[in-house]
Amino acid sequence: MTYEKVLADVPVRLRIGDGWREAAGGRTFPVTNPADGAELLAVADASPADAVAALDAAVAAQAGWAATAPRERAEILRRAYEEIHHRRDELAALITLEMGKPLADAYAEIDYGADFFRWFAEEAVRIDGGYKVSPNGRGRILVMRQPVGPSLLVTPWNFPLAMATRKIGPALAAGCTVVVKPAEQTPLTTLALATILEYCGVPSGVVNVVTTSDPAGAVGALLSDGRLRKLSFTGSTEVGRLLLAQAAGTVLRTSMELGGNAPFLVFDDADLDAAVDGAILAKLRNMGEACTAANRFYVQRGVADAFAERLAARMADMRVAPGLEDGSQIGPLIDEAGRAKVGALVDDAVGKGARVLTGGAPLGGAGYFYPPTVLADVPGDAALLAEEIFGPVAPVLPFDTDEEAIGLANATEYGLVAYVYTRDLARALRTAEALETGMIGLNQGVVSNAAAPFGGVKQSGLGREGGPTGIDEYLETKYLAIEL
Ligand code: NAP
């Protein structure tokens, strides 16, 4: 397998209905490699009218797909799960080429992403309803679940495969047709995934893919179209707010997986080695470009210095290199704007008195590399404590009491995930109950799991993806009143 061949196999057009087509006017936009800035491919640049054509196809296919036997929908998803694994080398290369993450992280994303197809293949045949006697004894209440209908799935660039499968899996399992709008920086993996779904028997019009450099235009055209029944969005809280406001226009059902600002709490009874291992995962997986990335490390005062020093030693040892290079552990950030934002946040903290234990400045040369960075003595007003860093930077701050740690952890508009390290079960449960987040990693640095409900509270989102309730996001409940 050569990388040229992997790229040559990507269909760079729009997937609409039963085929692949150019965008109106033959327009394209470039997709580049963040490891060196070079152009990889040019892909079709959809206009709002192209996006509406994709919705036309999804609407036309909706009734047929909803009527397809759940077992058949399940088996298509199961075949797609197998096929993703079969093509894992090509997909991993593609993810690394367009997104930058090290190949090892790309393979981990493939395992995670494919699992959503396996999980929802299993859920497709378990959609149930209810039958009950009305309190008056005469009536009967029959409840059925039906697909919501044509759904728009908007995904971010940081997990090009998994963010798509996490939405396409439950939508298809529930009987919904979809229009997928991948991120501009990473459309290639989604296009490759569309070929897999086609190969595995997804009928024409059920999965449509629209790549565009005009997300506001294309998405806006669909959100104002009354035939669209659902928006599932993963991305920043800022864009999520805009889309929620637009969705209000047609009272559209929405699922919102938005930004995070995860606290990582280490209590003084924690296994410090395990906490450092967990911190490496929670901080450096995906170069810190994850909504679940630990953003703030609060460590009980007695162990704070030891934790910061050990973390800095481990992070200084990580190999920063293009993701396709052997042994790469930290790839480039997604683009210059992303790297500049990380740099500005570090400069702001250092300007206010933070101490650099390792890293602290962008690397020279080609690509958007920023080294793993640990900051100690971070002042409470540093901007990186309030904003998503989205880079390999770990600010470490001490705390004294449990109440103080919980207060600091909750002092944010976000509420996606928190990490807690302690060996005291009662303390763990008290803390978990008090944290305002949708997910908690207890003595572990990764929470992502297709079998678990993923999502946030506060301004981190609405709804859950994955787990036994993930399919509910794509189902309506209809009740039938019967008087005997
Ligand atoms: P983003 O800028 O919000 O973009 C996400 C998607 O929305 C992209 O497809 C983007 O298209 C599109 N978009 C941007 N502006 C739009 C507009 N005005 N109207 C309609 N669509 C628009 O986020 P990102 O930078 O790709 O991803 C990083 C963010 O995603 C972080 O905040 C991260 O925390 C969050 N995230 C959350 C989760 C979760 O499960 N909670 C998971 C992963 C990532 P373009 O690419 O063309 O701009």
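Bear in mind these aren't lab numbers, they're just calculated from the coordinates by the rules spelled out. Values in this document were obtained by computation on a predicted structure and should not be read as measured data. Quick reminder, even Gly has a Cβ in these numbers, built from the backbone with ideal geometry, and neighbours come from all protein chains shown.
Between ALA411 and ALA245, what length comes free when the chain is fully extended (0.36 nm per residue of separation minus the Cα-Cα distance, one decimal in nm)?
Value of the extension gain: 57.2 nm.
Scaled to the compact-protein estimate 2.2 N^0.38 Å, what is the alpha-carbon radius of gyration of the range 211-343, rounded to two decimal places?
Working: Rg = 19.9 Å, N = 133, 2.2 N^0.38 = 14.1 Å.
Relative to the 2.2 N^0.38 Å estimate, the range 211-343 comes out at 1.41.
Going 7 Å from the Cα of ASP271 in the Cα-to-Cβ direction, what parts of the range 436-460 have a backbone nitrogen less than 20 Å from that spot?
Answer for the range 436-460: 440-448.
Assuming R0 = 30 Å, can you tell me the calculated FRET efficiency for the pair ARG430 and SER236, based on Cβ-Cβ distance, to the nearest 0.05?
Calculated transfer efficiency: 0.40.
Going by the alpha-carbon gyration tensor, a ≥ b ≥ c the square roots of its eigenvalues, is the chain rounded (a/c under 1.5) or, if a/c is not under 1.5, prolate (a/b greater than b/c) versus oblate?
Numbers: a/c = 1.99, a/b = 1.30, b/c = 1.53.
Cα axes put the chain in the oblate bin.
Of all the Cα-Cα pairs you can form in the range 404-469, what percent are over 19 Å apart? Write down the numbers at each step before the final one.
Working: 703 of 2145 pairs.
Pairs farther apart than 19 Å: 33 percent.
When only C-alpha pairs under 8 Å and at least 6 residues apart count, what is the relative contact order of the range 284-384, in percent? Spell out each step's value before the answer.
On the way: 133 pairs, mean separation 26.8, N = 101.
Across the range 284-384, relative contact order equals 27 percent.
Using the Cα gyration tensor of the range 1-122, with a ≥ b ≥ c the square roots of its eigenvalues, what is the shape: rounded (a/c below 1.5), prolate (a/b larger than b/c) or oblate (neither)?
Oblate.
For the range 73-170, run through the trypsin sites (Lys or Arg not before Pro) and keep only the ones in DSSP coil with at most 11 other Cβ atoms within 10 Å of their Cβ.
Working: sites: ARG73, ARG78, ARG79, ARG87, ARG88, ARG118, ARG126, LYS132, ARG138, ARG140, ARG145, ARG166, LYS167; in loops: ARG87, ARG126, ARG138.
Those satisfying the criteria are ARG126, ARG138.
Could you work out how far apart the two model spin labels at LEU281 and ASN136 are, taking each label as a point 7 Å from the Cα in the direction of the beta carbon, and quote it in nm?
For LEU281 paired with ASN136, the spin-label model returns 5.6 nm.
If you take the alpha carbon radius of gyration of the range 270-400 and divide it by 2.2 N^0.38 Å, what ratio comes out, to two decimals? Spell out each step's value before the answer.
Details: Rg = 13.8 Å, N = 131, 2.2 N^0.38 = 14.0 Å.
Against the empirical 2.2 N^0.38 Å value, I get 0.98 for the range 270-400.
Could you grab the relative contact order for the range 85-187? Cα pairs under 8 Å, six or more apart, rounded to a whole percent. It would help to have the intermediate numbers written out before the result.
Numbers: 139 pairs, mean separation 30.6, N = 103.
Relative contact order here is 30 percent.
Based on the Cβ-Cβ distance from ALA24 to ALA361, what FRET efficiency comes out when R0 is 51 Å, to the nearest 0.05?
Working: r = 45 Å, r/R0 = 0.88.
After rounding, the FRET efficiency stands at 0.70.
Need one number: nm distance between label points at LEU480 and VAL457, each 7 Å from Cα along Cα→Cβ, rounded to one decimal.
The modelled label-to-label distance comes out at 3.8 nm.
How many percent of DSSP beta bridges within the chain run antiparallel, rounded to 5? It would help to have the intermediate numbers written out before the result.
Working: 28 of 64 bridges.
If I count the DSSP bridges inside the chain, around 45 percent turn out antiparallel.
Tell me, what is the FRET efficiency for ALA104 and THR469 to the nearest 0.05, using R0 = 51 angstrom and their Cβ-Cβ distance as r?
Values: r = 31 Å, r/R0 = 0.61.
With a Förster radius of 51 Å, E is 0.95.
Quick one: what are the phi-derived ³J(HN,Hα) couplings along the range 143-152, Karplus 6.51/-1.76/1.60 with θ = phi - 60°, whole Hz, x for glycine and proline?
10, 10, 10, 10, x, 4, x, x, 10, 9
Out of all DSSP beta bridges with both ends in the range 347-453, state the antiparallel percent to the nearest 5.
Numbers: 3 of 10 bridges.
Just about 30 percent of them are antiparallel.
Relative contact order, percent, of the range 1-108 when contacts are C-alpha pairs under 8 Å separated by at least 6 residues? Let's see the in-between values first.
Numbers: 97 pairs, mean separation 28.7, N = 108.
It comes to 27 percent, rounded to a whole number.
In sequence order, what are the phi-derived ³J(HN,Hα) couplings for the range 47-61 according to the Karplus relation 6.51 cos²θ - 1.76 cosθ + 1.60 with θ = phi - 60°, rounded to whole Hz, with x for glycine and proline?
With coefficients 6.51, -1.76 and 1.60, one gets 8, x, 5, 4, 4, 5, 4, 5, 5, 3, 5, 5, 5, 5, 8 Hz.
Read phi for every residue in the range 331-339 and hand back ³J(HN,Hα) as whole Hz from Karplus 6.51 cos²θ - 1.76 cosθ + 1.60, θ = phi - 60°, with x for Gly and Pro.
My calculation for the range 331-339 gives x, x, 6, 5, 6, 5, 5, x, 5 Hz in order.
In terms of the Cα gyration tensor, with a ≥ b ≥ c the square roots of its eigenvalues, is the range 334-413 rounded because a/c is under 1.5, prolate because a/b exceeds b/c, or oblate? It would help to have the intermediate numbers written out before the result.
Values: a/c = 2.55, a/b = 1.91, b/c = 1.33.
It is prolate, given that a/c is not under 1.5 and a/b is the larger ratio.
Using packing as a proxy for protection, rank 459-466, 148-155 so that the peptide with the highest average count of other Cβ atoms within 10 Å comes first.
Working: 459-466: 22.5, 148-155: 25.8.
Order by mean packing, descending: 148-155, 459-466.
What distance in nm separates the two pseudo spin-label positions at ASP317 and THR68, each 7 Å out from Cα along the beta-carbon direction?
Computed distance between label sites ASP317 and THR68 equals 4.9 nm.
Write out the trypsin sites (Lys or Arg not before Pro) in the range 301-373 meeting two conditions: DSSP loop, and at most 13 other Cβ atoms within 10 Å of their Cβ. Can you show the working numbers first?
On the way: sites: ARG301, ARG310, ARG314, ARG319, ARG339, LYS341, LYS352, ARG355; in loops: ARG319, LYS352.
Those that pass, being in a loop and sparsely packed, are ARG319.
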